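Below: the structure, in structure tokens.
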Amino acid sequence: MPFDLLGEKGFLTVLEKRLKERGHAVILVAEGAGQDLLHSAGKPSERDASGNIRLFDIGLFLKETIEAYFKRKEVEVNLKYIDPSYIVRSVTANASDSLYCGILAKYAVHAAMAGKTGMVVGLVNDTYVHLPLKAVASKRKMVDLHGNIWMNVLESTGQPESMKND
């Protein structure tokens with residue numbers, strides 16, 4: 001969902017209001033969010049080895065922007081920035097994870113021995129199935145910004161429906 005940084009409905013105004021009312025805030029941002037803000041800041045696009053557009057680091061950008069915004073206003077903020085990508089990828093497997101991976105490996109080996117290619121093993125409705133890679137990777141999962149799940153997020157967090165000024 002696009003958002004503005006400044007202005008009456010902008011992210012920084014909403015954040016400032018939240019801090020005044022509650023004294024704290026937790027900000028989570030998806031890695032693809034705010035790319036338009038970074039492009040307009042003059043950062044050139046790059047591509048990875050596969051030719052995909054490399055996303056800018058919105059988290060670090062927001063951290064620096066928030067710090068600068070409140071410094072200009074002479075408001076002290078205690079901001080902690082955590083990039084969870086390393087943490088998420090380095091969590092120690094537990095017994096359940098090990099069993100699940102072992103079962104997936106077993107089914108993958110059976111599929112390979114049967115000559116199946118271009119597929120991945122997955123658990124669907126408590127059944128291990130072969131899923132074609134083309135079907136699995138055919139489109140990205142998107143949150144419907146007008147659907148119940150997103151509306152529940154807005155209700156539970158108290159954030160506004162939009163942080164766009166127009």
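The values are calculated or read from the model by the stated rules, or taken from the named source; none is laboratory data. Given the structure is predicted, the values throughout are model-derived calculations rather than measurements. Note that each Cβ is placed from the backbone with ideal geometry, even for glycine, and that neighbours are counted across all protein chains shown.
Please indicate, with yes or no, whether at least one residue in the range 22-43 is of a type outside the set (A, V, I, L, M), more than 28 Å from residue 153 (Cβ to Cβ) and more than 21 Å from the chain's Cα centre (by Cα). Scanning the range 22-43, I find at least one residue that is of a type outside the set (A, V, I, L, M), more than 28 Å from residue 153 (Cβ to Cβ) and more than 21 Å from the chain's Cα centre (by Cα), so the answer is yes. Any residue in the range 53-60 that is at pLDDT below 95, over 20 Å from residue 153 (Cβ atoms), of a type outside the set (A, V, I, L, M, F, W, C) and assigned to a strand (DSSP E or B)? Yes, the range 53-60 contains at least one residue that is at pLDDT below 95, over 20 Å from residue 153 (Cβ atoms), of a type outside the set (A, V, I, L, M, F, W, C) and assigned to a strand (DSSP E or B). Close Cβ contacts (under 8 Å, 6 or more residues apart or on different chains) running from residues in the range 114-125 that are loosely packed, with under 12 Cβ neighbours inside 10 Å to residues that are not basic (Lys, Arg) comprise 118/132; 118/133; 124/131. Scanning the range 22-41 for residues that are assigned to a loop (DSSP other than H, G, I, E, B) and either hydroxyl-bearing (Ser, Thr, Tyr) or over 21 Å from residue 1 (Cα atoms) (or both) returns 23, 24. Does the range 32-42 contain any residue that is surrounded by 13 or more Cβ atoms within 10 Å (Cβ to Cβ), of a type in the set (Gly, Ala, Ser) and free of Cβ contacts under 8 Å to residues at least 40 places away in the same chain? Yes, the range 32-42 contains a residue that is surrounded by 13 or more Cβ atoms within 10 Å (Cβ to Cβ), of a type in the set (Gly, Ala, Ser) and free of Cβ contacts under 8 Å to residues at least 40 places away in the same chain.
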